[in-house]
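The values are calculated or read from the model by the stated rules, or taken from the named source; none is laboratory data. Only a predicted model underlies this, so the values are computations on that prediction, with no experimental measurement involved. A quick note on method: Cβ atoms are made from the backbone with ideal geometry, for glycine too, and the neighbour counts reach across all protein chains shown. When the accessible area is computed, the model is the full protein with side chains, heavy atoms only, and any ligands, DNA or RNA have been set aside. Shrake-Rupley method; radii C 1.70, N 1.55, O 1.52, S 1.80 Å.
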Amino acid sequence: MKVLITGSSGQIGTNVGLALRARGDGVVGIDHRANTWTDRIETVVLDLTKARFEDLPAGEQFDLVLHFAANAKVYELVEHPDRAMDNVQMLFNVLDYCRRNELPIIFASSREVYGDIHRHVTDEAAADFVVAESPYSASKIAGEAFIYSYGECYDLPFLVFRFSNVYGRYDNDIERLERVVPLFIERIARNEPITIFGREKVLDFTYVDDCVAGVLAGIDALAQRRVVDQTINLAFGHGSTLVDVVNIISLALGKTPNMTCEPSRAGEVTRYVADIGKARELLGYHPKTPLSSGLIHAVQFWRETRAT
C-alpha cells in the first residue's frame, strides 16, 4: 500500500515510515521541516496550519493517512496555548482532506485525554471530555471529537491511538525539542543536575519499537477494514516513576545522578497506566520491551548518534 504520514520528521513518524518502507510499502511524508534522521522518506515540507486542499499531495495515490503532526510537550503548551490551537487546525485540514479523498485515517492521540484521574489502570472508556488538564490535552480531545464526528457524518473509517510516553530511537534531538528520556541521558552523562517534576509521578513508558508494531498492526487492520472506528490505548501497560527512569539510565551510563525533586507542574498528569487489553484483542498487540531494557537501547542510540 501507499501511506501518507503527517509529522513524518518526528520520532514516531520517522520510525513508522522506515518500518513501512522496510516491508515494501510506499511512504510520503508531510512536515514543516526536513527529516534530519533519514533521507529514505520522501517529504513534502509544508505548514499544515496554513495548508489548503490543493497544497496537499494528490489523494488518489494513497490508501491511508497517518496523522502524527502536532505540537507536543504539555508544559510548553501551557506557556504557549496558541500551539494547542494549531494542533486542532492541522487535524482539521488533514481530516477534511481525508473526507474529500475518501481516505481512512489513523489519529495520534494521547493519554493526556484522560486527565489526572489516578486510576490503577485506565481503559479507553475512562476518558471524560468535560475535563481537560491542559491546552495540549484539550487539543487532543478536540481532535478526537472531530474524528468521531467525521466518522458519524461522512462514514470516514478511522482508528484513534492514545500513545503514552513513547521513547527510544530518533528522539534525542533535544536542541529542537526536550523530551524527558533523552534529556536525562544527556545531563546524567555530562554530570549535570537534573530536576524531576513529581517524585511520585507514575507513567506508562512505551519503547518505540512496541509503538511501531502497534501502529503497523492498526494500519493493516484499518486498510483491510477488519478493525474500524475504534479508540485504542497503545502503551506498555506498566507504570514507572521518573526516579526509576533516572536510576536505570544512571546504571547504564555508570554515573551517579545529581537529582533534585520539585512538585509536578501545571497541567501534568501524575498517574497513568494503560489498560492495553483492547489492543491485544483487536490487533494482537503484545509489547516486548520493558523500561529496564528500553532505556538500555535508548542509551546505546544516544552513544551512537553523539559519536557521529
Once D173 and R21 are pulled to full extension, the length gained, defined as 0.36 nm per residue separation minus their Cα-Cα distance, is 52.4 nm
Expressed as an acute angle from 0 to 90° and rounded to the nearest 10, what is the orientation of the C-alpha long axis of helix 180-189 relative to the principal long axis of the chain? 30
Would you calculate a helix-derived [θ] at 222 nm for the chain, using -39,500 (n - 2.57) for each DSSP H run of n ≥ 4 and dividing by the full residue count, to the nearest 500? -12500 deg cm²/dmol
Pair H120, E76: separation of 7 Å Cα→Cβ label points (nm): 3.7
Once you order the gyration tensor axes a ≥ b ≥ c over the Cα atoms, which shape class does region 1-65 get: rounded for a/c under 1.5, otherwise prolate or oblate by comparing a/b with b/c? oblate
Gain in span if fully extended, T195 to E281, counting 0.36 nm per residue against the direct Cα distance: 27.1 nm
Helix 291-306 vs. the chain, principal-axis angle (Cα, 0 to 90°, nearest 10): 90
So how far apart, in nm, are the two label points at T256 and E42 if each is 7 Å from Cα heading toward Cβ? 5.6
By the Cα gyration tensor axes a ≥ b ≥ c (a/c under 1.5 gives rounded; else a/b larger than b/c gives prolate, otherwise oblate), the shape of region 69-154 is oblate
By the C-alpha gyration tensor axes a ≥ b ≥ c (rounded if a/c is under 1.5, else prolate when a/b exceeds b/c, else oblate), the shape of region 1-116 is prolate
Run the 1.4 Å probe and let me know the accessible area of T256, rounded to the nearest 10 Å². 120
Simple spin-label model, 7 Å along Cα-to-Cβ: R52 to D155 in nm? 3.1
Give me the angle, in degrees from 0 to 90, between the Cα long axis of helix 82-101 and the longest principal axis of the Cα atoms of the chain, rounded to the nearest 10. 30
